Each structure stands twice: as structure tokens, then as C-alpha cells.
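Have a look at the structure below, then the notes.
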Amino acid sequence: MKKSVFLAAVIFFLGLGIPGSIEARAEIDGPPLVILDNHSMRPNNNVMGIHIGEGVESIAADTFRNQINLKYIEVAAGNPYFTSFSYCLYDKDMTTLICFPQALDKAEIPGSVTKINQYALYGVEPEIKEAVKEAIKGNAEKRGSEYEYIRYNFFPYNKEWPWTCEYPLTN
């Protein structure tokens, strides 16, 4: 009897520790970040969601590139530069897709989106990636504007955008 109760307790506690079964929130202790780049978040397979506060002013195109379990991005309502919709990250006007989280399997793309950042679909499943690109191309066609794929030159360091990780998000 004792053996079966012990075994049941072990299985129960092991079940609680299954990766992905528990979601944890983490906050960085220190001054608030106003610029996010690929150095702000090291590759971390445990990050499932990100909240971008009101004070974030700039986000480099490759900030979320190695977050393979990222399922959602939310933005504080008072942020004047960015917004989130359907768990994806956009500029405030919702014309440019900045990030489609890698572990997200579906999302609604607003009709206003006609531009896409270079790393917005990095690591996303190929079928989803193509569907998102086609939706954005369709939006551009309906709006009578040109579909834009925004590329950035990160390396080698250039004079126009120094290695301070402050990159433009739109033209």
C-alpha cells in the first residue's frame, strides 16, 4: 500500500514538472529598457510570452529571432510606437509586421498591414510563413500600395546605424 501511494505521488509531482505545463513570468530587475535588441533577450527556449511596456521606443528587427517557444507578444496600451494584435507585434499604425512568434500556429493579419520586417517570420513553420506573406501581399494589392519586405544591414557595422542596436522599424 505504501509503495503504491509513494509511486502515485512521484508520478503526480513529475507530471507537474513536464516542460510547458507551467507558465512563469519573469521581470528584469534594473532600469527599464527603452531599446530592445537581440542582446536584450538571449536565446531562451522557456520564454513563451513577452510583454512590451509603455517606455519601449525601439525594437531591432532580430530581437525575437531565437525565441523558439514564443507564443505571444503583448504591448502596453500606452506605448506610442508599437501594438500587438492576435499575439503578433506591429508598429503603432499596424502597417508593418515586426514579429510573428515562432511557436504561434495561427493569427489574424489586419488588412492595414502591407510591410514585413526581415526577421518577422524567422523560425515560423513554412506553411504558416507563406500564408502570412500571401495575406500581406493581398492587403497591399487591395490597398493599392506596394508590398514591402524591409531588410536591414546589421553586419559589418555601418555609419548610418552604429552598433547601439537602434534600428528603424519602418521607412
Among 134-141, 110-117, what's the highest-first ranking by average C-beta atoms within 10 angstrom per residue?
110-117, 134-141
Subtract the Cα-Cα distance of S86 and E57 from 0.36 nm times their separation in residues, and report this length gain in nm to one decimal.
8.3 nm
When R143, R65, R151 are ordered from fewest to most other Cβ atoms inside 10 Å of their Cβ, what list results?
R151, R143, R65
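The numbers here are math on the coordinates, done by the rules we state, and not lab data. Please read these numbers as outputs of a predicted model, since none were measured by experiment. Neighbour counts run over all protein chains shown; Cβ positions are idealised from the backbone, glycine included.
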